[in-house]
Amino acid sequence: MRRYITSCLVNLKILIIIPSYKPAYVYGGPIRSVSNLAEALVQEGHDVSVITTTANGSEELDIEAGREYIVDGVKVTYFKRLTKGHSSYSPDLIRALKVKVLDFDVIHIQSWWNLVSVQAAWICLQNRITPIISPRGTLTHYTFSHNRSLVKRLLHTFVGRKLLNQSILLFSSTREKGEALKFVSVKDTEIIPNLLELPETLKGTHTPEEHFKIIFLGRIDPAKNIELLMEVLNTDFELPFHLKMVGTGDEAYISKLKNAMSTCHTIEWIGQADGDDKFKLLAEADLLVLPSFTENYGNVVLESLSQGTPVLISNNVGAKDYILENNLGWVVDGGPKEWREKLNYIWKNHSLREEMRHKAPECIARDFRKNNQVVAYINLYQKHIYNIASR
């Protein structure tokens, strides 16, 4: 029987449902932010379980399916998936959830548009459990118009909208919430930024040079609008730049980008970088660029700022409000012409970049303290349980 706790909660039983989990880092930022959350909740004394699949891009994790592992303090069970891509159909996971769904105080579903999340939401509601769902940027005009858009629209019309409207939606930014509410009518929403593991000290040294050191760090994916960046840099761009492309993605897509820029010798393809190596690359750069078509927040924006490196992002990145409010970078609403003009402006304003470099780490340390964010999640969970118990 499900526990209902109305007094001061000391220990919560939390279930996180996500189609992929660490070490499946091929999926980028969500894997890191979700695992950071789970581990931080355990450190605060809560009982956290994760159920997920063996998904690891086009491959499977080399792990025994159906067995519970302790992954950095978190109880994680990986189930075999029968379909790849974004569907992640896993009958074993669904069967296990049906058995255990009443054993937890809070069920937090991460992501949408996959059969793990959609079926999990349906099971919760069938058992009169209101799940918390973090869509993670999947309820936007871009997602409804790309990658099997007709299937998404049909699923949303006949199933998804009803499930989402009966759930609590947790967003990482006001932009993500505003986009999502164009497609759903859910009444209960919250906003909490992603929980990241940010270093307390700089991991690299920035040395001004005669060329403009630009970095892109993240999944190499069409949603990141990398073609725009390539067009800007490959069309009469006179600045003495050096671009580092850091990340992995579909090999065919990366090959296509490399071929398009084969005559440009100032682009360096680094591949995956993690931990101190990642933060060192960010610290050494003059500017991080993120031209995404859609980005519910943009974890790399905070990571870059934590190392003092200002950012240039598109108007579609959820972190834009924070950047503008604190004057920690620039936001572009436009195409190649606007990006080219802004890059020229930034390169010429060395003193402004240095001012941001000194200011940014302090701002991030102040506004994104890990403990404060964990408390925000716990408060949300407690409020959720109290509201259920009061009905």
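Residues that are under 11 Å from LYS75 (Cβ atoms) and either free of Cβ contacts under 8 Å to residues at least 24 places away in the same chain or surrounded by fewer than 24 Cβ atoms within 10 Å (Cβ to Cβ) (or both) within the stretch 47-57 comprise ASP47, SER49, listed in sequence order. Listed by position, the helices (runs of 4 or more DSSP H) contained in the stretch 41-154 that have at least 1 residues being farther than 22 Å from ASN296 by Cα are 91-100, 115-126. Give me a count of the residues in the stretch 75-120 that are open to solvent by 50 Å² or more (accessible area, probe 1.4 Å), of a type outside the set (Asp, Glu) and within 23 Å of LEU169 (Cα to Cα). So the count comes out to 7. Do any strands (runs of 3 or more DSSP E) lying entirely in the stretch 196-296 carry at least 1 residues that are modelled with pLDDT of 90 or more, acidic (Asp, Glu) and open to solvent by 70 Å² or more (accessible area, probe 1.4 Å), and which ones are they? Here the list reads 267-271.
Scan the stretch 311-321 residue by residue and report those that are open to solvent by 30 Å² or more (accessible area, probe 1.4 Å) and within 16 Å of LYS342 (Cβ to Cβ). Those that are open to solvent by 30 Å² or more (accessible area, probe 1.4 Å) and within 16 Å of LYS342 (Cβ to Cβ): ASN315, ASN316, LYS320.
Quick check on the stretch 177-190. Is at least one of its residues under 27 Å from LYS348 (Cβ atoms) and surrounded by fewer than 17 Cβ atoms within 10 Å (Cβ to Cβ)? So far as the stretch 177-190 goes, no, none of its residues is under 27 Å from LYS348 (Cβ atoms) and surrounded by fewer than 17 Cβ atoms within 10 Å (Cβ to Cβ).
When we screen GLY308, GLY335 for residues that are closer than 20 Å to LYS280 by Cα and either among the aromatic types (Phe, Trp, Tyr) or open to solvent by less than 70 Å² (accessible area, probe 1.4 Å) (or both), the only hit is GLY308. Sub-9 Å Cβ pairs linking a first residue in the stretch 216-231 that is in contact (Cβ under 8 Å) with a residue 40 or more places away in the chain and farther than 18 Å from SER304 by Cα to a second residue that is outside any loop (DSSP other than H, G, I, E, B) and among the polar types (S, T, N, Q), at least 6 apart or interchain, are ALA223/THR143; ASN225/SER314; LEU228/SER314, ordered by first then second residue.
Restricting attention to the stretch 149-164, the residues that are open to solvent by 60 Å² or more (accessible area, probe 1.4 Å) and either within 12 Å of TRP112 (Cα to Cα) or in contact (Cβ under 8 Å) with a residue 24 or more places away in the chain (or both) add up to 1. Do the conditions hold for ARG128, that is, is it modelled with pLDDT of 95 or more and out of contact with any helix residue (DSSP H, G or I) (no Cβ under 8 Å at 6 or more places or on another chain)? When the stated conditions are applied, ARG128 does not pass them. Would you say SER167 is in contact with a strand residue (DSSP E or B) (Cβ under 8 Å, 6 or more places away or on another chain), under 17 Å from ASN114 (Cβ atoms) and among the hydroxyl-bearing types (Ser, Thr, Tyr)? Criteria met by SER167.
What residue, among those in the stretch 121-148 that are within 24 Å of PHE293 (Cα to Cα) and of a type in the set (D, E, K, R), is most open to solvent (accessible area, probe 1.4 Å)? Per the stated criteria, the residue is ARG148. Here PHE158 meets the list (1) of a type in the set (Phe, Trp, Tyr); (2) at pLDDT below 80; (3) in contact with a strand residue (DSSP E or B) (Cβ under 9 Å, 6 or more places away or on another chain) almost entirely, failing just condition (3). Residues in the stretch 20-46 that are under 15 Å from ASP274 (Cα atoms), hydrophobic (A, V, I, L, M, F, W, C) and buried (at least 19 other Cβ atoms within 10 Å of the Cβ): ALA24, ILE31. Scanning the stretch 342-373 for residues that are of a type in the set (Asp, Glu) and within 24 Å of VAL232 (Cβ to Cβ) yields one hit, GLU354. Residues in the stretch 345-380 that are polar (S, T, N, Q) and open to solvent by 50 Å² or more (accessible area, probe 1.4 Å): SER351, ASN371, ASN372, ASN379. Residues of the stretch 354-367 that are under 26 Å from the mean Cα position of the chain (by Cα) and under 12 Å from LEU287 (Cα atoms): MET356, ARG357.
The values are calculated or read from the model by the stated rules, or taken from the named source; none is laboratory data. Source: prediction; values computed, not measured. Cβ coordinates were reconstructed from backbone atoms using ideal geometry, including for glycine residues, and neighbour counts include every protein chain displayed. In case anyone asks, the SASA skips ligands and DNA or RNA and just uses the protein heavy atoms, side chains included. Shrake-Rupley method; radii C 1.70, N 1.55, O 1.52, S 1.80 Å.
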